[in-house]
Each structure stands twice: as C-alpha cells, then as structure tokens.
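Peer 1: Got a structure for you, questions after.
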Amino acid sequence: MLFSNPFKSRMPETAEAFPGRAEAILSPRPHAVHGRPIQAPFPDGHKIITVGMGCFWGAERLYWQMAGVYSTAVGYAGGMTENPTYEEVCSGRTGHSEVVLVAYDPNIVSLEAILKVFFEEHDPTQGYRQGNDTGTQYRSVIYAEDEADLETARECAKNYGLALAQAGKGAVTTEIEAGKVFYYAEDEHQQYLHKVPHGYCGLKGTGVSCPIG
C-alpha cells in the first residue's frame, strides 16, 4: 500500500480531526533574522497575506529576504484543530496546511509581486503534495485578508494557469480563500533556515514564468 495513513490523501472529517487546545503553541517573540515582531500589531498601513507552498521552512526564507516585507512567521491554517502541534499537522488529522504569514508594506512591494514569487517558487499543480513531500499539509494555499486581495489572488492564479497550460503543465490546484485563523508554529520552526542554514528546503518551481508582479 502506498499510504498507510489515509489522511495523507484526503482531508479529515470534523469528527476525525484532533480537538487541539486553547493555549497557543508559541509565545510572542522577535524574528530571529531582523528582530522585528512576528505577531500583530504591525505598523500602520502594512498588510498580511498567508501562503502555503509545501514545507514552510524554505518558503519563509523566500519572503524574509524580499524587499518590502516587514516580517514573516510560519504556522498552520485552513484546518479544524485549534492550536495544533507540528506532529498533529503532519498526521493529516488537523486539516491544516503549513503556511507562511507575510506582513508587508504595500507602498514598497505589491501583492502581485509577492504572489509572483509564490507561484514561481513551487509547483501549484500537485494537489496534496509538493515534490517528495506528500500529505494534505503540503497543499498550495493562499489565504487573503480582504475581498480585494482575494480577487487579486484569483486573477493571478488564472493568469498563471494560462501560462502553465501553454507550457503543457497541469491545472492550478491552489486553494484560495478568505482569511483563515493562523496558528503560530513552534519556536524551532520559526526562521528555521536561518538557524539551520543547510537544513532541508524542498522548494522547486515549474520553470514557468508568472506573468504578474
């Protein structure tokens, strides 16, 4: 059998999900790279977008290096379990995706530019996996804070889907929805590739340029 765990290939039903806990997994702390806060409140005028593109370690590094991004954090979103642990998310019984919260200054970097990096740096056609990482927690997601950002994300996905089709690639499977509750991951996962510079990074794009941003 390819998978002994059925939750690697399907989302859990509500009754199958872990209940979680009321206490947050992570206490407030500064960003390990630049020392700015990783939790709100962020400076006035800044916006938030939450993205999932497989393992969150490499995805977070992409964004903390990007001009105009104020801060980043990794966590879990899109599922049913309150304040889940990493082990619970990896079991598939929370429904969450591994995600990166990106707080950015729209006067310096546009949402389109952030989404261009998102679409080009992973493969948004793979469903419940990303490369060799298999499971619902590795699915491609965009969770936007307001309707305007949601529409921008949908339009970007549509345009990239056309580019992928022209290159003979599959359809975009990215889940695009209004803001989901973001649960911060454990401290060891925050800015992981700063703490462990030669650690695992499974990011691999399609090689198709995204015509946005």
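The values are calculated or read from the model by the stated rules, or taken from the named source; none is laboratory data. Since we're looking at a predicted model, the values are computed, not measured. All Cβ positions, even for glycine, are placed from backbone atoms using ideal geometry, and neighbour counts span all protein chains on display.
Peer 1: May I ask you to list the residues in region 182-203 that are in a loop (DSSP other than H, G, I, E, B) and surrounded by fewer than 14 Cβ atoms within 10 Å (Cβ to Cβ)?
Peer 2: Listed by number, the residues that qualify are E186, V196, P197, H198, G199, Y200.
Peer 1: Being assigned to a loop (DSSP other than H, G, I, E, B), touching a residue at least 40 places away in the same chain (Cβ under 8 Å) and not small (G, A, S) is the requirement here; does Q137 meet it?
Peer 2: No.
Peer 1: Can you tell me which residue is surrounded by the fewest Cβ atoms within 10 Å (Cβ to Cβ) among those in region 92-112 that are under 12 Å from A59 (Cα atoms) and of a type in the set (A, V, I, L, M)?
Peer 2: Top of the filtered list is L101.
Peer 1: What are the residues in region 84-100 that are under 12 Å from F182 (Cβ atoms) and touching an Asp or Glu at 6+ places or on another chain (Cβ under 6 Å), if any?
Peer 2: Residue satisfying the conditions is V100 alone.
Peer 1: Also: Identify, please: which residue in region 1-39 is free of Cβ contacts under 8 Å to residues at least 12 places away in the same chain and in a loop (DSSP other than H, G, I, E, B) and is, among those, farthest from Y138 (Cα to Cα)?
Peer 2: Only one residue fits best here, namely G35.
Peer 1: Select, from V89, V109, the only residue that is in contact (Cβ under 8 Å) with a residue 40 or more places away in the chain, hydrophobic (A, V, I, L, M, F, W, C) and not in a helix (DSSP H, G or I).
Peer 2: None of the others qualify; the one that does is V109.
Peer 1: Is there a residue being within 23 Å of T134 (Cβ to Cβ), assigned to a loop (DSSP other than H, G, I, E, B), among the basic types (K, R) and modelled with pLDDT of 95 or more anywhere in region 204-213?
Peer 2: There is at least one residue in region 204-213 that is within 23 Å of T134 (Cβ to Cβ), assigned to a loop (DSSP other than H, G, I, E, B), among the basic types (K, R) and modelled with pLDDT of 95 or more.
Peer 1: Looking at (1) more than 15 Å from the chain's Cα centre (by Cα); (2) in a loop (DSSP other than H, G, I, E, B), find the lone condition where N159 falls short.
Peer 2: It is condition (2) that N159 fails.
Peer 1: Here's another thing I want to ask about it. Here's a check for you: in region 15-62, which residue that is among the polar types (S, T, N, Q) and at pLDDT 95 or above is nearest to F119 (Cα to Cα)?
Peer 2: That would be T50.
Peer 1: Mind telling me which of the residues R61, R29 ends up being charged (D, E, K, R) and surrounded by 15 or more Cβ atoms within 10 Å (Cβ to Cβ)?
Peer 2: R61
Peer 1: Quick one: in region 164-181, which of the residues that are touching a Lys or Arg at 6+ places or on another chain (Cβ under 9 Å) and not in a loop (DSSP other than H, G, I, E, B) is surrounded by the fewest Cβ atoms within 10 Å (Cβ to Cβ)?
Peer 2: Checked region 164-181; the qualifying residue surrounded by the fewest Cβ atoms within 10 Å (Cβ to Cβ) is E175.
Residue-wise test of (1) farther than 21 Å from G58 by Cα; (2) in contact with a Cys (Cβ under 7 Å, 6 or more places away or on another chain).
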residue	(1), (2)
D133	no, yes
A144	no, no
A148	yes, no
A167	yes, no
G179	yes, no
K195	no, no
H198	no, no
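Here's the yes/no breakdown for (1) modelled with pLDDT of 95 or more; (2) β-branched (V, I, T); (3) surrounded by 15 or more Cβ atoms within 10 Å (Cβ to Cβ):
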site	(1), (2), (3)
I114	yes, yes, yes
D123	yes, no, yes
Y143	yes, no, yes
K158	yes, no, no
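Peer 1: Regarding region 189-211, can at least one residue be identified that is closer than 24 Å to I38 by Cβ, under 16 Å from the mean Cα position of the chain (by Cα) and free of Cβ contacts under 8 Å to residues at least 40 places away in the same chain?
Peer 2: no
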